[in-house]
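Q: Below you'll find the structure I mean.
The values are calculated or read from the model by the stated rules, or taken from the named source; none is laboratory data. The structure presented is a predicted model; accordingly, all values stated were derived computationally and were not measured. Using ideal geometry, Cβ is built from the backbone for each residue, glycine included, and neighbour counts are taken over all protein chains shown. SASA here: full protein model, heavy atoms, side chains in, ligands and nucleic acids out. Shrake-Rupley method; radii C 1.70, N 1.55, O 1.52, S 1.80 Å.
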Amino acid sequence: MADQSFLNWPFFEDRHRALHAELESWASANLPVDHSDVDQACKDLVAALGKAGFLQYSGAKQGETLDVRSLCLIRETLARHDGLADFAFAMQGLGTGALSLFGTPDQQSWLDKTRAGEALSAFALSEPKSGSDVANIELSAEDKGNHYVLNGEKTWISNGGIANVYTVFARTGEAPGAKGLSAFVVPADSEGLEIAERLDVIAPHPLARLKFNNVHVPKTDMIGDAGAGFKIAMSVLDVFRSTVGAAALGFARRALDETLARAKSRELFGAPLAELQMVQGHIADMALDVDAAALLIYRAAWTKDMGAARVTREAAMAKLYATDKAQEVIDKAVQIHGGDGVRKGSIVESLYREIRALRIYEGASDVQKIVIARQTLS
Ligand SMILES: Cc1cc2nc3c(=O)[nH]c(=O)nc-3n(C[C@H](O)[C@H](O)[C@H](O)COP(=O)(O)OP(=O)(O)OC[C@H]3O[C@@H](n4cnc5c(N)ncnc54)[C@H](O)[C@@H]3O)c2cc1C
């Protein structure tokens, strides 16, 4: 990796620099993995990341805190080496985020397994009729005394089909809209929980539509209070949204690195491509976008780590800017690679596919703009 000067920014402590060095060395030795069977690859990656100790950062038990700078550094480093490795790490954190922030000690016992790489987790919020419109969730959780009964569907659930445990958001109906949702921890082997469909996307990773047919969930498996589900989901996204930006940053850094190597080695018109001023202009834009994205991401992460209750504005800015700009950086990388840029199996071709979904999930770019505007106007 060419430029590591960002590690000297005041956002970081020595422990972050040590983590980065350790992960960089692990990733160089172990990534990328073979993606031909994504389910197996993800299971293997989780086991390997757990064994190497990096999944310890993906969750926090009572008395510990999620260190957002570490989460971001891990995601950007893994994404730079292998998008699937970033995905495997990210889902261990997102899938258990509600448990880390709001779980009881009993519920948090799942973290022993997910942080060791012995269980996979998933975050089940989206439904066919409520992706961006989270307050419209329809999956119902009916109170039956000592347990709830869940009925309905979830879709676009990452790790769906291979997860051992799901955090599920359901309508318990304390109030209309967002105030009538609650969060539950639901083991994958619960009776009535069915993988209805596996979903294939342009950068394949495990994804599924889930059906809940009279799934019984003990009351002790409700996370936080009844009716607090929306607040819990938003608090989890407040932590993990910046990390989506960090993954995009990792992809963008890789695209820039690949472009620098290509522009210096490819001869055109009797000189290296890097000597063409138009190419230099693209490289300048790419370097600027990478640094600006990194500043926004680590500003958001540092602010959260310094104890801010919410970083809604900072995280939205980091996610919006980093993902949209990474798309542009990668597009320029493809352009500078010429025909090789669109060749199946080339690194920039896979980055071109990997980046797209990050501008849609955990709040589409348009939704982030609304969040930023509201925060700025208020
Ligand atoms: C690869 C992938 C992985 C995913 N993983 C998960 C997961 O693990 N768990 C989970 O719960 N969900 C997951 N999702 C779902 C994801 O969060 C939703 O796709 C996303 O929230 C958008 O919802 P939607 O697809 O229903 O699109 P819609 O809500 O129909 O929105 C479509 C588009 O409309 C625009 N739009 C939406 N709202 C507004 C607005 N208020 N103002 C202006 N424009 C707007 C945006 O451009 C948006 O992209 C995943 C999705 C993908 C693609």
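Q: Can you tell me the order of 334-344, 178-188 when each peptide is scored by its average per-residue count of other Cβ atoms within 10 angstrom, highest first?
A: 178-188, 334-344
Q: Something else now. For the cross-link pairs Lys219/Lys304; Lys211/Lys231; Lys129/Lys231; Lys144/Lys211; Lys113/Lys211; Lys332/Lys369, which exceed 22 Å when the distance is taken from alpha carbon to alpha carbon?
A: Lys219/Lys304; Lys211/Lys231; Lys113/Lys211; Lys332/Lys369
Q: Over the chain, with the other protein chains present, what is the accessible area per residue in square angstrom, probe 1.4 angstrom?
A: Value for the chain: 43 Å² per residue.
Q: If you don't mind, another one. Using a 1.4 Å probe, how large is the accessible area of His81, given in Å² and rounded to the nearest 10?
A: Ignoring ligands and nucleic acids, His81 comes out at about 30 Å².
Q: Provide, for q = 0.09, 0.13, 0.16, 0.18 Å⁻¹, the log10 of I(q)/I(0) from a solvent-free Debye sum over equal Cα point scatterers in the stretch 72-201.
A: After summing over all Cα pairs, the log10 values are -0.27, -0.57, -0.86, -1.07.
Q: With all pairs of different alpha carbon atoms counted, what Kirkwood hydrodynamic radius in Å does the stretch 282-322 show? Can you show the working numbers first?
A: Values: mean 1/r = 0.0947 Å⁻¹.
Answer for the stretch 282-322: a Kirkwood hydrodynamic radius of 10.6 Å.
Q: For the chain, what are Rg and Dmax over the alpha carbons, in angstrom?
A: When restricted to Cα atoms, the chain yields Rg and Dmax of 20.8, 79 Å.
Q: Can you give me the Rg/Rh ratio for the stretch 1-143, using Cα atoms for both radii and the Kirkwood formula for Rh? Please list the in-between numbers first.
A: Details: Rg = 16.7 Å, Rh = 16.5 Å.
Result for the stretch 1-143 is an Rg/Rh of 1.01.
Q: Let me ask something additional. For helix 277-305, report the angle its Cα long axis makes with the longest principal axis of the Cα atoms of the chain; keep it between 0 and 90° and round to the nearest 10°.
A: 30
Q: Given a 1.4 Å probe and every protein chain left where it sits, what share in percent of the accessible area of the chain is carbon and sulfur?
A: Its accessible area is 52 percent carbon and sulfur atoms.
Q: With 10 Å bins from zero, work out the P(r) of the stretch 202-323 over every alpha carbon pair and list the percent per bin.
A: It works out to 12, 26, 24, 20, 10, 5, 2, 0, in whole percents.
Q: In nm, to one decimal, how far is the modelled label at Ala196 from the one at Leu276, with both set 7 Å along Cα→Cβ?
A: Here the modelled spin labels are 5.0 nm apart.
Q: Is there a quick way to get the dipole size of the stretch 250-378? I mean about its Cα centre, with the Cβ of Lys and Arg at +1 and of Asp and Glu at -1; what is the value in debye to the nearest 20?
A: Numbers: 19 positive and 17 negative charges, 83 e Å.
It comes to approximately 400 debye.
Q: Taking the radius of gyration and the Kirkwood hydrodynamic radius from Cα positions alone, what is the Rg/Rh ratio for the stretch 283-378, to two decimal places?
A: On the way: Rg = 15.3 Å, Rh = 14.5 Å.
Answer for the stretch 283-378: 1.06.
Q: Mind checking which aspartates and glutamates have their Cα closer than 20 Å to the Cα of Lys61? Skip sequence neighbours fewer than 8 apart in that chain.
A: Filter leaves Asp106, Asp112, Glu118, Asp221, Asp225, Asp238, Asp305.
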